[in-house]
Amino acid sequence: MGMTMTQKILAAHAGLDEVRPGQLINARLDQVLGNDITTPVAINEFEKAGFNSVFDRSRINIVLDHFVPNKDIKSAQQSKQCREFANKYDIINFFDVGKMGIEHALLPEQGIVTAGDCIIGADSHTCTYGAVGAFSTGVGSTDMAAGMATGMAWFKVPAAIRFHLTGKLGPRVSGKDVILHIIGMIGVDGALYKSMEFTGPGVAGLSMDDRLCICNMAIEAGAKNGIFPVDEVTVAYLTGRSRREWKVYEADPDAEYEQTIEVDLSAIEPTVSWPHLPENTHTARESEGIAIDQVVIGSCTNGRLEDMQAAYEILKGKTIAPGVRGIIIPGTMQVYKTCLQNGWLEAFIDAGCIVSTPTCGPCLGGYMGILAEGERCISTTNRNFVGRMGHVKSEVYLASPATAAASALTGHITDPREVE
C-alpha cells in the first residue's frame, strides 16, 4: 500500500521505509520555531530538564511577534528572556524589533523553511509551511524545548483527506475564500488530526500566497497539517530563496485517503465566517448589511504582499466610511518596505487607515485593535472565537483582504466584486 506525501516525509525523517496512519514514530527535525509567548515557557522547561546545549543553532527560530514592540512590562520580560536565551546559545535565526515579522509570514519569505522539511513550532499555525511542500505542525512548548535540545520529536502518523481542486478562482476571490469555504463544508473538527492534502489541476492556479493562507488555516478544521505538492509555482518561489537544498516528495498513486473531497474553485464566492466559529460561513452577498466598527487587514493568514495589494487596489483614491477604524498590518518588514516603495502605505493612510509595524497584535486580542462590548470587526485573521479580539460580547467576522477592504469603504460587510 502506498503512502501520502505527508507520510513519505515522516517516514524519511524517522529513518523508516514506510509508515502507516496511527503509528507512533520518532522523527528528525529540520526546524524548530517559537515566539515571544511560547518560547519563554519552552526555555523554562529546557532549563528544568537540565539541557545545556541546542542541537543546531541554525535550525532554531525565535520570532518576537505577538506583543512586540512590547505592550507592557510582562511582555517586555518575556522578550528579554528570549533575547538572553538567543544570545547564550548564539541562535542565528532570532528576529526582534526592526527585523522581525509575523512568524508564519517571515520564515517562508526568508527561505528558512523549504520543501521536504519536517518542522515543529510552538504555535498552532505552524501548519502554514505545508504550502512549500513540508510537513509542518504546531506543538506545545514542552515539545519545543525537547526539539531545541535533541532535534527530535515524536508523532502519531496522521491519516489523510484529499482535497481535489479543479477550476480557477474568479476576480477578487482568493485562498482565504477557499479555506473558509472548505471549513464551512467540513466543520472545525472535520479533519481532526488528519493531513489535509491539496491536489488536482486547480492547484496550478493558486499563488504561493494563496497556498500559505490555505495551509495556515488547516488547524481551524482540526488538521494536524495541510500540504501542497511541489510544482512549478513552488520551485519558482524557492529558487534563489531557500537557504538549503530541498527534497520533493510525491504521494504514491495508490496512497490511501480516508476520503476525497471535490472543490471547484470557479464556484467559490467571497466568503465570510460569522461569529463565533470559522465553520459558520456565509457568502459575502449573504452577509451584506452587517454594520462594522473596525477592519483589520494583516496577520499570519493574510499579511503578505498579495494581501496588501488586494487591499490597495480597493482602497486607493477612496476614503473608508465614517466611524470605521481601519488597521493594516504588513506581515514582515520586507512586505512593509515594498508597500512603502509602491506607494501603497500612502494610499492606506490617505484612505483613513493606520499602518502598523508587523505584529500579531489584535488577532489574539493582544493589542493594536482590541474590541469593546458590542463592537464588530471584519478581519483577515484566522479565528473568531468568543472574546478572541477583545470583549466577550464583541464579534469578529473572518474574510479575505478584498472583502475586508470593500467593507471598510461602506461601513458594512460588502462583496468586493461590487466595489470599483
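Quick notes on this structure:
- So residue 39, is it hydroxyl-bearing (Ser, Thr, Tyr), touching a residue at least 40 places away in the same chain (Cβ under 8 Å) and within 19 Å of residue 246 (Cβ to Cβ): no
- Apart from one condition, residue 286 fits all of (1) without any contact (Cβ under 8 Å) to a residue 60 or more places away in the chain; (2) within 21 Å of residue 189 (Cα to Cα); the exception is (2).
- Number of positions in the stretch 385-397 that are assigned to a loop (DSSP other than H, G, I, E, B) and surrounded by fewer than 24 Cβ atoms within 10 Å (Cβ to Cβ): 8
- Filtered residue count, the stretch 252-280, keeping only those that are within 17 Å of residue 413 (Cα to Cα) and surrounded by fewer than 19 Cβ atoms within 10 Å (Cβ to Cβ): 4
- Within the stretch 8-109, helices (runs of 4 or more DSSP H) holding 2 or more residues that are open to solvent by 10 Å² or more (accessible area, probe 1.4 Å) and charged (D, E, K, R): 38-48, 73-88
- Residue match in the stretch 144-163 (condition: surrounded by 24 or more Cβ atoms within 10 Å (Cβ to Cβ) and charged (D, E, K, R)): no
- Those helices (runs of 4 or more DSSP H) of the stretch 134-243 in which at least 1 residues are more than 23 Å from residue 106 (Cα to Cα), considering only elements entirely within it, cover 141-150, 175-186.
- Any chance residue 52 is out of contact with any Pro (no Cβ under 8 Å at 6 or more places or on another chain), free of Cβ contacts under 8 Å to residues at least 24 places away in the same chain and farther than 26 Å from residue 14 by Cβ: yes
- Residue within the stretch 29-41 that is touching a Cys at 6+ places or on another chain (Cβ under 7 Å) and farther than 25 Å from residue 329 by Cβ present: yes
- Selection within the stretch 398-420 - surrounded by fewer than 24 Cβ atoms within 10 Å (Cβ to Cβ) and hydroxyl-bearing (Ser, Thr, Tyr): 410
- Within the stretch 108-119, residues that are among the acidic types (Asp, Glu) have Cβ atoms under 8 Å from residues that are outside any loop (DSSP other than H, G, I, E, B) and surrounded by fewer than 24 Cβ atoms within 10 Å (Cβ to Cβ) in these pairs: 109/334, counting only partners at least 6 apart in sequence or on another chain.
- Count of residues meeting criterion [closer than 30 Å to residue 121 by Cα and open to solvent by 50 Å² or more (accessible area, probe 1.4 Å)] in the stretch 281-326: 3
- Test result for residue 274, among the aromatic types (Phe, Trp, Tyr) and closer than 17 Å to residue 186 by Cα: yes
The values are calculated or read from the model by the stated rules, or taken from the named source; none is laboratory data. Computed from a predicted structure; not experimentally measured. Neighbour counts are summed over all protein chains in view; Cβ atoms, including those assigned to glycine, are modelled from backbone coordinates with ideal geometry. Quick note on the areas: whole protein, heavy atoms, side chains included, nothing else; ligands and nucleic acids left out. Shrake-Rupley method; radii C 1.70, N 1.55, O 1.52, S 1.80 Å.
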